[in-house]
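Data block below; observations after.
The values are calculated or read from the model by the stated rules, or taken from the named source; none is laboratory data. Please read all numbers here as calculations on a predicted model, not as lab measurements. Virtual Cβ from ideal backbone geometry, glycine too; neighbours counted across all protein chains shown. Surface areas here come from the heavy atoms of the whole protein model, side chains and all, with no ligands, DNA or RNA. Shrake-Rupley method; radii C 1.70, N 1.55, O 1.52, S 1.80 Å.
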Amino acid sequence: MSETSDTRVAATPSAPRGDRDGAAGAAPETRAPASWRNWAGDQLCLPAAVEIPGSIEELSEVVVRAGAHDRHVRVAGSGHSFSDIALTDGVQLRLDRLTRVLDVDRSSGLVRVQAGVTIHELNVRLAEHGLALENLGDVDSQTIAGAICTATHGTGARLPNISAQVVELTLVLADGSALRCAPDAGAEVFRAARVSLGALGVVAEVTLRCVPAFTLRGVDAPRPLVEVLDRFEELALGNDHFEFFVFPHADVALTRTNNRTEDPPRPRGRAVAYANDVLLTNHAFGLFCRAGRRMPARIPQINRLVTRLAGASTRVDRSDRVFASPRLVRFTEMEYALPRERTPEAVRRIMTLVPERGFAVPFPIEVRTVAADDALISPAAGRDSGFVAVHMYEGMPYEPYFRAVEEIVDELGGRPHWGKRHFQTAASLRPRYPDWDRFQAVRARLDHEGRFANAWTDRVLGPVQGDR
């Protein structure tokens with residue numbers, strides 16, 4: 001798999017190559033401005049313009065035109081970020097027409113795709129070629145670019161986040177040019193571009209290192225929380241993928257282990273999958289959440305009941321089918337990366353915090369592990385990490401709970417997940433990332449006018465040097 005030797009070239013439509021799917025858009029598509037909400041429904045904006053390019057050439061034209069009108073540009077993917085990272089009153093870019101799988105090299109496992117393809121659709125196409133992503137989160141509706149830019153992750157103590165599977169990507173910059181980002185084209189820019197927060201340019205194409213398709217044996221089982229926390233390192237390192245959930249006021253953790261197996265996949269029937277993934281995991285849980293919202297004082301009993309009802313189960317199936325599951329119950333979320341050895345302490349303190357402060361929390365705390373990587377501002381940059389996520393059901397107050405949890409993780413060296421809620425600023429974040437200033441230098445060089453800025457980047461990254 002090869003690319004042009006120039007690292008920065010004028011944007012042109014991608015030429016046919018390799019295994020190619022779909023057809024390029026015949027013309028740019030511009031939609032009338034309309035309000036946009038994220039998946040959770042609690043982040044809202046009204047862009048001045050909505051553009052849906054069908055090629056890199058059209059994407060370049062849109063960005064240049066935005067500059068001519070002095071408008072900022074932000075990309076809205078699937079809207080699965082819980083923060084205001086995608087909001088804009090300028091030009092909103094949607095990559096719904098940039099969803100093709102451009103090239104598949106089965107021998108090397110390198111796969112080049114357009115940035116707007118969703119992880120779900122990518123998994124389907126990879127399976128057709130006998131390939132898979134080595135690790136995934138439990139939601140697959142995100143665009144691949146959105147997942148990469150925010151350092152979205154799965155779980156696995158020896159496996160880094162999805163951005164670490166990127167070997168090359170193409171950014172469309174503020175002047176409309178296309179920049180090839182790869183280790184041989186400038187390691188500093190590549191390390192910045194892998195987790196860019198949409199602040200360097202628009203990711204147009206991505207080349208991923210994939211692995212041969214594999215089968216997972218997924219086991220869900222309740223275990224005493226004390227045991228899980230005491231054996232956290234052992235469980236994390238002793239399984240390919242380990243995570244657990246625990247409801248406040250409960251003393252039992254719901255563990256999930258996914259390990260590779262040579263057994264053939266045994267896909268569930270549609271009725272069984274619907275009963276478990278939709279009726280039980282979503283509709284029934286949604287009823288419990290609504291009950292908790294109406295009767296907050298009953299949440300401790302409800303949480304213990306939900307924990308008791310969660311039994312053990314085993315699945316053997318294609319990896320992406322085991323990793324991902326539907327998410328129909330609406331919520332908002334905050335998640336922090338900690339040094340992995342500090343993770344049990346964080347959970348213990350949060351479990352104590354909730355009853356002490358009287359917070360009404362009908363959602364579980366979720367805990368995962370992720371290996372270190374070298375993207376400049378990845379939450380797991382330079383350290384093996386444990387991720388602790390807290391959630392709040394829609395329509396219930398989240399801020400007091402999230403702020404109290406943030407105080408705990410701040411003391412433990414926490415770094416926020418870029419796609420989730422947090423209350424940090426550039427000043428509070430800079431000391432947590434050894435390569436923070438290096439990222440800012442790349443940002444100032446590639447987007448010195450702040451074309452790709454918004455209120456979120458101004459708050460979290462700070463204004464670009466030379467921003468208007």
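Values as computed for the structure displayed
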read-out	value
Among residues of the range 120-133, those that are open to solvent by 30 Å² or more (accessible area, probe 1.4 Å) and within 14 Å of Ile144 (Cα to Cα), counted	4
Those residues of the range 322-350 which are open to solvent by less than 30 Å² (accessible area, probe 1.4 Å) and aliphatic (A, V, I, L, M), in sequence order	Val322, Ala324, Val329, Met334, Ala337, Leu338, Ala346, Val347, Ile350
Test: residue in the range 250-262 that is open to solvent by 20 Å² or more (accessible area, probe 1.4 Å), hydroxyl-bearing (Ser, Thr, Tyr) and touching a Pro at 6+ places or on another chain (Cβ under 8 Å)	no
Test: Asp89 is surrounded by fewer than 19 Cβ atoms within 10 Å (Cβ to Cβ) and touching a Cys at 6+ places or on another chain (Cβ under 7 Å)	yes
Given (1) touching a Phe, Trp or Tyr at 6+ places or on another chain (Cβ under 7 Å); (2) on the phi > 0 side of the Ramachandran plot, index of the condition Gly109 fails	(1)
Boolean, Gly292 is farther than 30 Å from Ala151 by Cβ and buried (at least 20 other Cβ atoms within 10 Å of the Cβ)	yes
Filter result for Val203 (aliphatic (A, V, I, L, M), assigned to a strand (DSSP E or B) and surrounded by fewer than 23 Cβ atoms within 10 Å (Cβ to Cβ))	no
Filter result for the condition that a residue is crowded, with 23+ Cβ neighbours inside 10 Å, more than 23 Å from Asp251 (Cβ to Cβ), touching a strand residue (DSSP E or B) at 6+ places or on another chain (Cβ under 8 Å) and at pLDDT 95 or above, over Ala375, Ala371	Ala375
Members of the range 362-382 that are part of a loop (DSSP other than H, G, I, E, B) and acidic (Asp, Glu)	Asp374
Any hit, the range 269-287, residues being among the acidic types (Asp, Glu), at pLDDT 85 or above and under 30 Å from Pro212 (Cα atoms)	no
Complete set of residues in the range 380-390 that are buried (at least 23 other Cβ atoms within 10 Å of the Cβ) and touching a Lys or Arg at 6+ places or on another chain (Cβ under 6 Å)	Ser385, Gly386, Phe387
Subset of the range 391-440 that is within 18 Å of Asp84 (Cβ to Cβ) and assigned to a helix (DSSP H, G or I) - its residue that is most open to solvent (accessible area, probe 1.4 Å)	Arg403
Residues of the range 263-289 satisfying the condition of being surrounded by 15 or more Cβ atoms within 10 Å (Cβ to Cβ) and farther than 28 Å from Val361 by Cβ	Pro265, Arg268, Ala273
Residues of the range 295-310 classified as touching an Asp or Glu at 6+ places or on another chain (Cβ under 9 Å) and open to solvent by 50 Å² or more (accessible area, probe 1.4 Å), total	1
Where a residue in the range 78-91 is more than 13 Å from Trp39 (Cβ to Cβ) and its partner, wherever it lies, is among the β-branched types (Val, Ile, Thr), with Cβ under 7 Å and at least six apart	Gly90/Val73; Val91/Val62; Val91/Val73
Search result, residues across the range 355-364 that are surrounded by fewer than 23 Cβ atoms within 10 Å (Cβ to Cβ) and either of a type in the set (A, V, I, L, M) or on the phi < 0 side of the Ramachandran plot (or both)	Pro355, Glu356, Arg357, Phe359, Ala360, Pro364
Lone qualifier among Arg217, Arg223, Arg191 - being under 21 Å from the mean Cα position of the chain (by Cα) and modelled with pLDDT of 95 or more	Arg191
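The rows are residues; the columns are (1) touching a helix residue (DSSP H, G or I) at 6+ places or on another chain (Cβ under 6 Å); (2) over 30 Å from Val347 (Cα atoms); (3) touching a residue at least 60 places away in the same chain (Cβ under 8 Å).
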| residue | (1), (2), (3) |
| --- | --- |
| Ala199 | yes, yes, yes |
| Val203 | yes, yes, yes |
| Arg209 | yes, yes, yes |
| Arg217 | no, no, yes |
| Arg231 | no, no, no |
| Glu234 | no, no, no |
| Asp240 | no, no, yes |
| Val246 | yes, no, yes |
| Ala250 | yes, no, no |
